[in-house]
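Asker: Below: one structure in structure tokens.
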Amino acid sequence: MAPLKRQVAAVLGGLLVLAWFAPECSAQPRKRGLGGPVVLHPDDVPAFPDPPAGFDAVRDGIPHGRLELVTYESKSVGTTRKMQVYTPPGYSKDKKYPVLYLLHGIGGDETEWQRFARPNVLMDNLIAEGKATPMIVVMPNGRAQKNDRAEGDVFRTAPAFAAFEQDLLRDVIPAIESRYSAEADREHRAMAGLSMGGGQALNVGLRHLDTFAWIGAFSAAPNTMPPHELVPDPAVAKARLKLLWLSCGKKDGLIRISQGVHAHLRDNHVPHVWHVDGNGHDPAHWKNSLYFFAQRIFR
Ligand code: FER
């Protein structure tokens, strides 16, 4: 690889990739449909005010959960893979907990949510305030291929994000439910993700309503299936979903993806949250979305 190309590829693995998606950053060439023009519609407004100050700060004097790095054997990928697992304060084998599967974006891996939002801090604070049900949060690696590091041209690894469906259903969930004190039915499993992970949550979740009842997509990426394929039978979605959450920043050049899903749901009367805040394709949107989504699941 030419040095410049290598440099550009390295940058993709980091936060800088995100700036490319914001339409105002037009100094960078637009790649693969990133950062298209944003056209806002009357529905595209916040469903919630921004989170209160300190929602994401570590607090002394409250109980803290645990974050651990766990490995599992993936039959579908053929490797030993890693995931971060949060267990809530006071986690005990004498109780059973619901589980949120939380998925990262194209430039990330199993550590990305931790870098962008510190879900353990958000959850500790929400649980201490009685605003969230104590839950296990699993942050797996959604790039289901042998080399699952975010390196090189990460956009070429998009097929591995589709392959993750098998890893999640056959390997990740069984590993979690055998090792942790987890409830193991659809009403106690939620899945949400940012960008590519948002697309995965919609694609996998909505097509496996037998496995998940709570689904969230934050700034869903173009890997999202067409809305009529995601929700071919609105009556089924309506009957089975406990929560369907869609959110996006109004400065996010990928907002057309979420708008399309929202319009299909609205036109077919499938209840859902549609929250458009003032952010772009960025960690502020993802952290805020997790804060609100986590308060609405398993309740
Ligand atoms: C694309 C633009 C963005 C795409 C994926 C993304 C697969 C993902 C962005 C992210 O995860 O942040 O065209 O195609």
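The values are calculated or read from the model by the stated rules, or taken from the named source; none is laboratory data. Every value quoted in this text rests on a predicted model; they were computed, and no experiment measured them. Every residue, glycine among them, receives a Cβ derived from its backbone with ideal geometry; neighbour counts consider all protein chains shown. Ligands, DNA and RNA are excluded from the accessible area calculation, which covers all protein heavy atoms including side chains. Shrake-Rupley method; radii C 1.70, N 1.55, O 1.52, S 1.80 Å.
Asker: Quickly run through the range 253-271 and pick out the residues that are within 14 Å of residue 46 (Cβ to Cβ) and assigned to a loop (DSSP other than H, G, I, E, B).
Answerer: None - no residue of the range 253-271 is within 14 Å of residue 46 (Cβ to Cβ) and assigned to a loop (DSSP other than H, G, I, E, B), so the list stays empty.
Asker: (1) open to solvent by 10 Å² or more (accessible area, probe 1.4 Å); (2) assigned to a strand (DSSP E or B); (3) under 20 Å from residue 86 (Cα atoms): which one isn't true of residue 274, the others all being true?
Answerer: Exception for residue 274: condition (3).
Asker: Sticking with this structure for a sec: Please work out which one of (1) away from the ligand (no atom under 16 Å from the Cβ); (2) open to solvent by 10 Å² or more (accessible area, probe 1.4 Å); (3) assigned to a loop (DSSP other than H, G, I, E, B); (4) of a type outside the set (Lys, Arg) is the condition residue 132 fails and give its number.
Answerer: If we test residue 132 against (1) away from the ligand (no atom under 16 Å from the Cβ); (2) open to solvent by 10 Å² or more (accessible area, probe 1.4 Å); (3) assigned to a loop (DSSP other than H, G, I, E, B); (4) of a type outside the set (Lys, Arg), just (2) comes out false.
Asker: Here's another thing I want to ask about it. Would you check which residues across the range 88-128 are of a type in the set (A, V, I, L, M) and within 16 Å of the ligand (Cβ to nearest atom) and list them?
Answerer: 102, 103, 106, 117
Asker: Given (1) open to solvent by 50 Å² or more (accessible area, probe 1.4 Å); (2) of a type outside the set (A, V, I, L, M); (3) more than 15 Å from the ligand (Cβ to nearest atom); (4) in contact (Cβ under 8 Å) with a residue 40 or more places away in the chain, where does residue 185 come up short, assuming only one miss?
Answerer: The one condition residue 185 does not meet is (4).
Asker: A follow-up question, please. Only one of (1) away from the ligand (no atom under 16 Å from the Cβ); (2) open to solvent by less than 10 Å² (accessible area, probe 1.4 Å) is not met by residue 255, so which one is it?
Answerer: Status for residue 255: all satisfied but (1).
Asker: Check off (1) out of contact with any Ser or Thr (no Cβ under 8 Å at 6 or more places or on another chain); (2) in contact (Cβ under 8 Å) with a residue 24 or more places away in the chain for residue 221 and give me the number that stays unchecked.
Answerer: (1)
Asker: Another question about this same structure. (1) without any contact (Cβ under 8 Å) to a residue 60 or more places away in the chain; (2) in a helix (DSSP H, G or I); (3) under 16 Å from the mean Cα position of the chain (by Cα): which one isn't true of residue 287, the others all being true?
Answerer: Here residue 287 meets the rest and fails (1).
Asker: Let me ask another. All but one of (1) free of Cβ contacts under 8 Å to residues at least 24 places away in the same chain; (2) within 16 Å of the ligand (Cβ to nearest atom) hold for residue 267; which doesn't?
Answerer: For residue 267, the failing item is (2).
Asker: Here's a check for you: in the range 222-252, which residue that is assigned to a loop (DSSP other than H, G, I, E, B) and within 16 Å of the ligand (Cβ to nearest atom) is surrounded by the most Cβ atoms within 10 Å (Cβ to Cβ)?
Answerer: The qualifying residue surrounded by the most Cβ atoms within 10 Å (Cβ to Cβ) is 252.
Asker: Sticking with this structure for a sec: Could you tell me whether residue 176 is touching a Ser or Thr at 6+ places or on another chain (Cβ under 8 Å) and more than 16 Å from the ligand (Cβ to nearest atom)?
Answerer: no
Asker: So residue 106 fits all but one of (1) farther than 25 Å from residue 66 by Cβ; (2) touching a helix residue (DSSP H, G or I) at 6+ places or on another chain (Cβ under 8 Å); (3) open to solvent by 30 Å² or more (accessible area, probe 1.4 Å); what number is the exception?
Answerer: (3)
Asker: Could you go through the range 157-169 and let me know if any residue there is within 15 Å of the ligand (Cβ to nearest atom) and over 15 Å from residue 197 (Cα atoms).
Answerer: no
Asker: Return the pairs, sorted by first residue and then second, in which the second residue is crowded, with 21+ Cβ neighbours inside 10 Å and in a helix (DSSP H, G or I), the first residue lies in the range 104-123 and is at pLDDT 95 or above and of a type in the set (Ser, Thr, Tyr), the beta carbons are less than 8 Å apart, and the residues are 6+ apart or on different chains.
Answerer: Partner pairs satisfying both residue conditions: none exist.
Asker: Only residues in the range 142-166 that are at positive phi count as the first member; pair them with residues that are within 15 Å of the ligand (Cβ to nearest atom) and outside any helix (DSSP H, G or I), Cβ under 9 angstrom, at least 6 apart or cross-chain, and list the lot.
Answerer: Close Cβ pairs (under 9 Å, with a partner that is within 15 Å of the ligand (Cβ to nearest atom) and outside any helix (DSSP H, G or I)) amount to 152/13.
Asker: Here is a further query. Consider residue 194 carefully, then state whether it is closer than 18 Å to residue 86 by Cβ and modelled with pLDDT of 95 or more.
Answerer: yes
Asker: Taking the range 26-78 only, how many residues are closer than 28 Å to residue 122 by Cβ, modelled with pLDDT under 95 and open to solvent by 50 Å² or more (accessible area, probe 1.4 Å)?
Answerer: 0
Asker: Further question on the same structure: Mind checking whether some residue in the range 193-200 is touching a Gly at 6+ places or on another chain (Cβ under 8 Å) and away from the ligand (no atom under 14 Å from the Cβ)?
Answerer: No, the range 193-200 contains no residue that is touching a Gly at 6+ places or on another chain (Cβ under 8 Å) and away from the ligand (no atom under 14 Å from the Cβ).
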